[in-house]
Amino acid sequence: MRDAVTSLIKNYDVAGRYFDRNAIDSLKSYFESGTARLQAAGIINGNAAAIVKQAGLKLFEEQPELIRPGGNAYTTRRYAACLRDMDYYLRYATYAIVAGNMDVLNERVLQGLRETYNSLSVPIGPTVFGIQIIKDIVKEKVAAAGIANTSFVDEPFDYLTRELSEQDI
Ligand SMILES: CCC1=C(C)/C(=C/C2=NC(=C\c3[nH]c(/C=C4\NC(=O)[C@H](C)[C@H]4CC)c(C)c3CCC(=O)O)/C(CCC(=O)O)=C2C)NC1=O
């Protein structure tokens, strides 16, 4: 698992190079956003259950067929599995926000996920929609806490969306 610092060190070490201007700029931007990243993590930590609940309600309100007979989130067990998955996305996104790096998502979340979803007929489109709803709720809360630039919040959710949406070869 890597973070913004260790991934840069690895890249420069492989090339046997000192940090150049690009590296310093990239580290600078990571450290400058550090306090905001931690604040966001704190906000998520204090509201995780409510965020997941709100995101689930919105998802099922917009796509009610998911929880009707024949829908993938129909039955209590599958409804709960869906909310649990949303909770996973939120928790791992928080790790990635703090790390400033998406590696943890590849390693712990995305590996084999599409295959699992395909084999259980978990629909990718609505899942991605759910991830975007979580993102919007988190951004709203982070902005309400007075953090002006919330673009770092987008990164892990957009990364999950991109990777999950990718077509099977
Ligand atoms: C930490 C990384 C991690 C992830 C991401 C993860 C996902 C994950 N979601 C699963 C199932 C599931 N996932 C969903 C999710 C949904 N169905 C919908 O219609 C919605 C669109 C969506 C919620 C947004 C459902 C309903 C199941 C149960 C499917 C079934 O058993 O039929 C399963 C199959 C095993 C199980 O049920 O526990 C896995 C492995 N597991 C992990 O360890």
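The values are calculated or read from the model by the stated rules, or taken from the named source; none is laboratory data. Worth saying up front: this structure is predicted, and the values here are computed from it rather than measured. Please note: Cβ atoms are built from the backbone with ideal geometry, for glycine as well, and neighbour counts cover all protein chains shown.
Figures for the structure shown
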item	result
All positions within the stretch 110-123 that are part of a loop (DSSP other than H, G, I, E, B) and either farther than 17 Å from residue 63 by Cβ or assigned by TED's automatic domain parsing to the domain that holds residue 1 (or both)	111, 112, 120
Failed item in (1) in a loop (DSSP other than H, G, I, E, B); (2) within 8 Å of the ligand (Cβ to nearest atom); (3) under 13 Å from the mean Cα position of the chain (by Cα), with residue 92 passing the rest	(1)
Answer from 136, 85 - the residue that is without any contact (Cβ under 8 Å) to a residue 24 or more places away in the chain, under 14 Å from residue 53 (Cα atoms) and in a helix (DSSP H, G or I)	136
Residue in the stretch 31-49 that is of a type in the set (Val, Ile, Thr) and within 11 Å of the ligand (Cβ to nearest atom) present	no
Members of the stretch 16-52 that are of a type in the set (Val, Ile, Thr) and within 25 Å of residue 138 (Cβ to Cβ)	35, 43, 44, 51, 52
Check on residue 90, aliphatic (A, V, I, L, M), closer than 15 Å to residue 158 by Cα and either touching an Asp or Glu at 6+ places or on another chain (Cβ under 7 Å) or surrounded by 15 or more Cβ atoms within 10 Å (Cβ to Cβ) (or both)	yes
Residue in the stretch 124-138 that is at pLDDT below 95, closer than 21 Å to residue 56 by Cβ and not β-branched (Val, Ile, Thr) present	no
The stretch 56-69 residues that are among the small types (Gly, Ala, Ser), paired with ones that are at pLDDT 95 or above and within 11 Å of the ligand (Cβ to nearest atom) (beta carbon under 8 Å, 6 or more apart)	56/82; 56/83; 56/86; 56/130
Residues (buried (at least 17 other Cβ atoms within 10 Å of the Cβ) and among the hydrophobic types (A, V, I, L, M, F, W, C)) located in the stretch 111-123	113, 122
